[in-house]
Each structure stands twice: as C-alpha cells, then as structure tokens.
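See below for the structure under consideration.
The values are calculated or read from the model by the stated rules, or taken from the named source; none is laboratory data. Keep in mind that this is a model prediction, so the values were computed, not measured. Positions of Cβ are generated from backbone atoms using ideal geometry, with glycine treated the same way; all protein chains shown enter the neighbour counts.
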Amino acid sequence: MPYLPLAHVSFSRAEVSCILIPTPILRRRHHALSPVDPKLKFGRCLHPSMLNEDLIQVLIENRYLRYLEIQVTEVRCEAMEFLCTALKSPRCYLQCLRLEDCSVTPKCWVDLARDLGSNKHLKTLMLRSSCLETFGAYCLSVAQLEKLVLENCDLTLLTCKSLTSSLKSNGMLTHLSLAENALKDEGAKQLCSALQHPACPLQRLVLRNCALTSDCCQDLASALDKNKNLRSLDLGFNSLKDDGVNLLFEALTKPKSGLQILELEKCLFTSVCCQTMASMLLHNQSLRYLDVSKNDIGHRGIVLLREAFQQRKWKEKVVLETKQNYAPNMMTRLEGPVVKNKILRIVQDWSADCWDEARWIE
C-alpha cells in the first residue's frame, strides 16, 4: 500500500487531541509523509508532554522525513534526550531542524551539538530566541553543518570569538545568520578575522540588526577584499552611516571583488556616499543585487547615480525594484535573494518624484 500523500503534518494547541492518532502512522516507513515535501511541524503553544518518545521515534522510523520544526514550546530535557538519541541513529534522515522560541537549557544545547557531530544527514540548523550561552554556541558551530542560523540568541563578543575559531577550521559551513544579536563592532571584527582566513568557506553572512556602526566597516572592507568565497552579505538595520558605507563601496570598486549580493537596508546613509556608490557600480563586475532601501539619498543621490546606471546598462540589464513590505522567514533570510547573470537588481523605496527622474532606466 503506498504512503499517504501528505506534504506537511502540522500540530498546534487546537490539534493536540489528534497527535496520538497519527503517530503510529507516521512511524511506518511506507505509510508516511510524501517524499515530495516531507515536513513535520509543531505549532505555537503545543503542550510539552506531546513531545514524547513515540513522536520523536518518527525521526528514526520514517525514512521520508527531512524537516522538523518546533515553535514556541517548552522542550523538556527528556524530550531533548529523545531528540538527541534519534539524531545519533544512522536511520535518521532529517536534513533540517528548526527550533524557534523554545525553552531549552544550555546543557541540552551542548548535548544536541555533540550528537549533531555524528549525524551525516542534518545539514541545516535554525535556532531563534534561544539562550545558547557561549559554550553552546561554540558546540553548535563546530558540528558538521552547511547552514546555521542563530538569530536573537543573546550572542556576545565571547560567542563571536568561539565562532571565529570554528570558521577557520570548519570547511563545510557556507551559510551563517547571526541576525538580531547585539554583537556590536568588536564582535563583527572577530568574524572579519575569520573571513580573511583562506580556509573560511562562508558564502552567505547575515549580520542584520547586530548593533554595528562605521567602526567595524574597515574590517568588513578588508574581508571583502581578501575573501573570494563570500558571495552574499546582509548588513541591514545597522548604523553604518556614510563613513561606513563608503568604505564598503570602495572595497567593492576593485574589479576582482566576488560579492554578488549586498543588503544595506536602513543603514542610515545619505547622498554623501552616492558618488562612491556610482564609482563602484561602474567598476564592479560581480554585483547582482543591491538593497539601498530605507536610506535618505534624496534627489541629489539619484542624480549622482544616473550616469553610472546609464553606463552600466550598456553592459547588462539594470532593474529597479520597489522594496516589498514583508518580513522574510529565517530560511529566506539565510538563503538570501536569488540573482541572475547579466542582471543587476537595485532595491529601493525612492519617492514618486525621484522615480520619475529615474524612469529612463526602465
């Protein structure tokens, strides 16, 4: 008999009474989640007792399950022990684990990291609103992951030092999001030292809303100059201002720059840095996506950029996009925008008057 054609199984408080019913079904190898999109999600306010041994056993006995998500739930030590046991099993084929706003003790995070090291299938770990402490964050960073999200996890400078050490030795981690942690400039400088290491494999780095200022931008610029693997960088919602953004644009002016995506949403820069931006757009051959939305560059900034846009259009297509007002989820933020060859997308929110001035670009 074929598997049940279920793309998702999601549970929340309103569905608690149903959880005990599908558990035996989900555990059957051939009567389970559809292999097209095999996901198991536990929604908000799920009672902790529902995360029991039988349910976690699904990770071992269902060969189709690839994605597990738990949100806004107390994950008791016993449930974490079950989860760690499942992750150690060679029959666990889970590829992505997402825990968002879950109450978990620091020791449990360490245990989880230890067992992730022996899991050959799990490649993506996403944690949000979790208290990891320094040791837990370090353990998670050295697991054999390709993509790691530690958003709003109270990470500190000490955490950045641990991450820096692991980034120099971990040859697998290509995507890292530390958004909404108050890393500050010193934390960013620690990460930059890792980015300048030739063995650092990072391709996408998200430092969105991390309390950064222009003081860390020289280090970021040096990292962009030396690192040839980094393709995507999100620095949105940091107070980089004109001085900081100018340093970044100057680094990207060099022809050998490999960065394709730069997100500078609400970095508090003005038309002062638009001349440097224009020079960068003329000389840079790799950039495919530039987000300058929620910055007050005004009509003067548009005029300064006009010639650069016109000259760039002779080489490739330039597309102006209006900033969409939606909040991307953790996975979307981790992956970053999609880019295409020979197309430069510039995301902005200029006024209607400025848009009319730039209509010739279309």
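What the table below lists for this structure:
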item: Subset of the stretch 265-276 (residues that are of a type in the set (Val, Ile, Thr) and part of a helix (DSSP H, G or I)); result: Val272, Thr276
item: Test result for Val272, aliphatic (A, V, I, L, M) and more than 25 Å from Thr174 (Cα to Cα); result: yes
item: Matching residues in the stretch 223-243 - criterion: being assigned to a helix (DSSP H, G or I) and over 23 Å from Leu167 (Cα atoms); result: Lys241, Asp242, Asp243
item: Output for the stretch 187-222, where each listed residue is more than 17 Å from Ser239 (Cβ to Cβ), touching a helix residue (DSSP H, G or I) at 6+ places or on another chain (Cβ under 7 Å) and assigned to a loop (DSSP other than H, G, I, E, B); result: Gln196, His197, Ala199, Cys200, Leu202
item: Subset of the stretch 168-188 [closer than 18 Å to Ala137 by Cα and more than 15 Å from the chain's Cα centre (by Cα)]; result: Lys168, Ser169, Asn170, Gly171, Met172, Ala182, Leu183, Lys184, Glu186, Gly187, Ala188
item: Test: residue in the stretch 137-149 that is under 27 Å from Leu235 (Cβ atoms), modelled with pLDDT of 90 or more and surrounded by fewer than 19 Cβ atoms within 10 Å (Cβ to Cβ); result: yes
item: Residue in the stretch 209-229 that is farthest from the chain's Cα centre (by Cα), counting only those that are surrounded by fewer than 22 Cβ atoms within 10 Å (Cβ to Cβ) and among the aliphatic types (A, V, I, L, M); result: Ala221
item: Residue match in the stretch 279-296 (condition: surrounded by fewer than 16 Cβ atoms within 10 Å (Cβ to Cβ), in contact with a helix residue (DSSP H, G or I) (Cβ under 9 Å, 6 or more places away or on another chain), of a type outside the set (Lys, Arg) and within 29 Å of Val149 (Cα to Cα)); result: yes
item: Residue match in the stretch 244-264 (condition: surrounded by 19 or more Cβ atoms within 10 Å (Cβ to Cβ), in contact with a Phe, Trp or Tyr (Cβ under 7 Å, 6 or more places away or on another chain) and in a helix (DSSP H, G or I)); result: yes
item: Top-ranked residue of the stretch 156-173 - restricted to ones that are surrounded by 21 or more Cβ atoms within 10 Å (Cβ to Cβ) and at pLDDT 85 or above, ranked as farthest from Leu207 (Cα to Cα); result: Leu173
item: Pair list, Cβ < 9 Å and 6+ apart or interchain, from the stretch 59-76 residues that are free of Cβ contacts under 8 Å to residues at least 40 places away in the same chain to residues that are assigned to a loop (DSSP other than H, G, I, E, B) and β-branched (Val, Ile, Thr); result: Glu74/Val104; Val75/Val104; Arg76/Val104
item: Close pairs (6 angstrom Cβ cut-off, 6 or more residues apart or separate chains): outside any loop (DSSP other than H, G, I, E, B) in the stretch 173-186, of a type in the set (A, V, I, L, M) and surrounded by fewer than 21 Cβ atoms within 10 Å (Cβ to Cβ) anywhere; result: Lys184/Ala211; Glu186/Leu157
item: Among the candidates Arg76, Arg63, Arg13, residue that is surrounded by fewer than 19 Cβ atoms within 10 Å (Cβ to Cβ), modelled with pLDDT under 50 and basic (Lys, Arg); result: Arg13
item: Long-range neighbours under 6 Å by Cβ, at least six apart or interchain, first residue over 16 Å from Met331 (Cα atoms) within the stretch 85-101, second among the hydroxyl-bearing types (Ser, Thr, Tyr) and assigned to a loop (DSSP other than H, G, I, E, B); result: Lys88/Ser118
item: Residue list for the stretch 316-352, filter: more than 16 Å from Ile261 (Cβ to Cβ), modelled with pLDDT under 85 and surrounded by 10 or more Cβ atoms within 10 Å (Cβ to Cβ); result: Trp350, Ser351
item: Tally of residues being at pLDDT 95 or above and basic (Lys, Arg) across the stretch 241-285; result: 2
